[in-house]
1. Using a 7 Å offset from the Cα along the Cα-to-Cβ direction at both Arg132 and Lys163, what is the distance between the two label points in nm, to one decimal?
2. Rounded to the nearest 500 deg cm²/dmol, what is the calculated helix-only ellipticity per residue at 222 nm for the chain, with -39500 (n - 2.57) per DSSP H run of length n ≥ 4?
3. Take the Cα of His73, step 7 Å along the line toward its Cβ, and report every residue of the stretch 96-132 whose backbone nitrogen sits under 12 Å from that point.
4. Place +1 on the Cβ of every Lys and Arg and -1 on the Cβ of every Asp and Glu in the chain, take the dipole about the Cα centre, and give the residue among Gln199, Ile26, Phe84 whose Cα lies farthest towards its positive end.
5. With a ≥ b ≥ c the root eigenvalues of the C-alpha gyration tensor of the stretch 146-218, is it rounded (a/c under 1.5), prolate (a/b larger than b/c) or oblate?
6. Rounded to the nearest 20 debye, what is the charge dipole size of the chain about its Cα centre when +1 sits on each Lys and Arg Cβ and -1 on each Asp and Glu Cβ?
7. Pop a pseudo-label 7 angstrom from the Cα along the beta-carbon direction at both Thr91 and Ile32 and give the gap in nm to one decimal.
8. With labels modelled as points extended 7 Å from the Cα through the Cβ direction, what inter-label distance (nm, one decimal) is found for His200 paired with Ala117?
Amino acid sequence: PDNQIAFIIGDVSDKGVGSALFMTLIRSLLRIFSGSFNGGADLNACIEPGEVKPQKRALKSVSLVNEYIAREHCEDGMFATLFFAIIDPVTGKVYYINAGHEPALVVGSGSIKHHLATTGPALGAIDDAAFRIKSFQLEPGDILFSYTDGVTDALSETEGFYKRYRLENAIEKGTNETAKKFLKGIKTDLFDFVGNAPQHDDITMLTVKWNIGASSTN
């Protein structure tokens, strides 16, 4: 609603068909809960003063998914990390929930400006877990980059890990590019490092670049 855009990246425990189906369940639950929530006074303490329904809806949807997983799948030992953000494409204001996921990065002016750390535990890990929603302001040309740990844990042919410091070096080289070219630069550096080594985990990345005005968000 209100011409805002939500984007989500997540990662589930374990691997294989069961984990893929588990992520499909989470995706469906997030869509259902984020579309059916009408607000509630019990969330006011978790939200910055003055914020309105889209942010409350995001927070409530994450909380409801957590409760469902924690209560219905606790014996399976399954959980998922999640980065859920909402951007106003006109103003560049971003609201986010980081449920145990890798810190998303805000990049601009040739460097990494912010690390968006966790605001709550992984989904399904704790019943009645408390999540908070935070916000920040993008400046024109800023990039918001998020990824799964399959990126930093990617192995080379010599069994070395790619690691976060190398990822951040690759990120800072592409700060003036479009979102598509920025992502291509990271992929090139990552797969040059991996070489012919077999992939042992998913590699997922999401990039959003904000320019002034709704028509120029990419």
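1. 3.1 nm
2. It comes out at -10500 deg cm²/dmol, rounded to the nearest 500.
3. It comes to 123-125, nothing else.
4. In the chain, that residue is Phe84.
5. Prolate shape, in that a/c is at least 1.5 and a/b is the bigger ratio.
6. Using only the charged Cβ atoms, the result is roughly 760 debye.
7. My value for the distance between the label points is 3.3 nm.
8. 2.9 nm
Where a number appears in this text, it was derived from the coordinates with a stated rule and is not lab data. In this text the structure is predicted, and so the values were computed from the model without any measurement. With ideal geometry, Cβ positions are generated from the backbone for all residues, glycine too; neighbour counts draw on all protein chains shown.
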